[in-house]
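Starting off with a structure, shown below.
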């Protein structure tokens, strides 16, 4: 079933998207394994899961920084997975990525004015003063002083560098932004500031965004919907508050239980994850979560991979025991 929603229209349609990487000896790493997902215009979709679950690869596939092994991505009605280079370059400014590491994603040999000004120039603006003025506007939008535009990245803090990365992404006036763990390398106090910048910009410009994070509590602050990934597949997707308050999949519930909260020790004990994430080279048969699941399993858990199904309006989960997981939420 498609992870769809009621909205002003769909900007991104992902269908059966798969990405495998060769791992030697005839084996493959199944990083993304048959993901189907819609992203509405103007919404922020939170994409959450443990490291190694495939969420970053999925984000890169959506904006075609990686080539899919199979499946398709439709962007504003255009099938981008098979576009030729020239056609893709014309579409590229409308899809921008904010990277995790602000220390390595900015060219250390360029000034901020050059870093942010290049996409402005590529968008067709000419004249040094006009570009400089536009760069100043963009820096103000992300909370930086335009007078700092002639500095180099090493002269800024980590949070300031991430603001520069956001300004660079906005310079192309994109329709879609993929934010890949944009606050993971920052101090907690700085994380809150960057999240507020992203939330404010999304509201102001009605941006469509995919916010990738391993921290479900971070995702909940900026997302209208949340998709939970496990070992290359989406196992739950629904309205953000519904996923946070009443998760349907046992893995989503375990992620939430890991978030420190007062008075939740019993719940955390009941939902603790055992063992490590299985290797994407050797995906377990049946439900790929069954090797770590804390619910009382049925034979189908080990033999039949569950499909996403709508359990509540707009709230889908891939679990044979979703009714039992739902009862535990009550």
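Output the residues belonging to the range 115-161 that are exposed (fewer than 14 other Cβ atoms within 10 Å of the Cβ) and not in a helix (DSSP H, G or I).
123, 124, 126, 127, 145, 150, 157
Same structure, new question: Given the options 199, 163, 204, name the one that is on the phi < 0 side of the Ramachandran plot and over 19 Å from the mean Cα position of the chain (by Cα).
Values: 199 fails: over 19 Å from the mean Cα position of the chain (by Cα); 163 fails: over 19 Å from the mean Cα position of the chain (by Cα).
Just a single option satisfies the conditions, and that option is 204.
Within the range 284-315, which residues are under 28 Å from the mean Cα position of the chain (by Cα), within 29 Å of residue 21 (Cβ to Cβ) and exposed (fewer than 15 other Cβ atoms within 10 Å of the Cβ)?
Residues satisfying the conditions are 285, 304, 307.
Which condition breaks for residue 183 when tested against (1) within 18 Å of residue 37 (Cα to Cα); (2) part of a loop (DSSP other than H, G, I, E, B)?
Among (1) within 18 Å of residue 37 (Cα to Cα); (2) part of a loop (DSSP other than H, G, I, E, B), the lone unmet condition for residue 183 is (1).
Moving on to the next point. Could you say which residue among 217, 223 is surrounded by fewer than 17 Cβ atoms within 10 Å (Cβ to Cβ) and not in a strand (DSSP E or B)?
The match here is 217.
Tell me, which strands (runs of 3 or more DSSP E) lie completely within the range 233-323 with 1 or more residues that are farther than 21 Å from residue 39 by Cα and modelled with pLDDT of 90 or more?
Numbers: elements: 233-239, 309-312, 315-317.
Fully inside the range 233-323 and qualifying: nothing.
Can you tell me how many residues in the range 64-80 are crowded, with 21+ Cβ neighbours inside 10 Å and either modelled with pLDDT under 95 or over 16 Å from residue 37 (Cα atoms) (or both)?
0
Might you let me know whether the range 159-170 holds any residue that is farther than 27 Å from residue 56 by Cα and in contact (Cβ under 8 Å) with a residue 24 or more places away in the chain?
So in the range 159-170, the residues farther than 27 Å from residue 56 by Cα come out as none.
Within the range 159-170, not a single residue is farther than 27 Å from residue 56 by Cα and in contact (Cβ under 8 Å) with a residue 24 or more places away in the chain.
The values are calculated or read from the model by the stated rules, or taken from the named source; none is laboratory data. Fair warning: this is a prediction, and the values are worked out from it, not measured in the lab. As a convention, Cβ positions derive from the backbone with ideal geometry for all residues, glycine included, and neighbour counts pool all protein chains shown.
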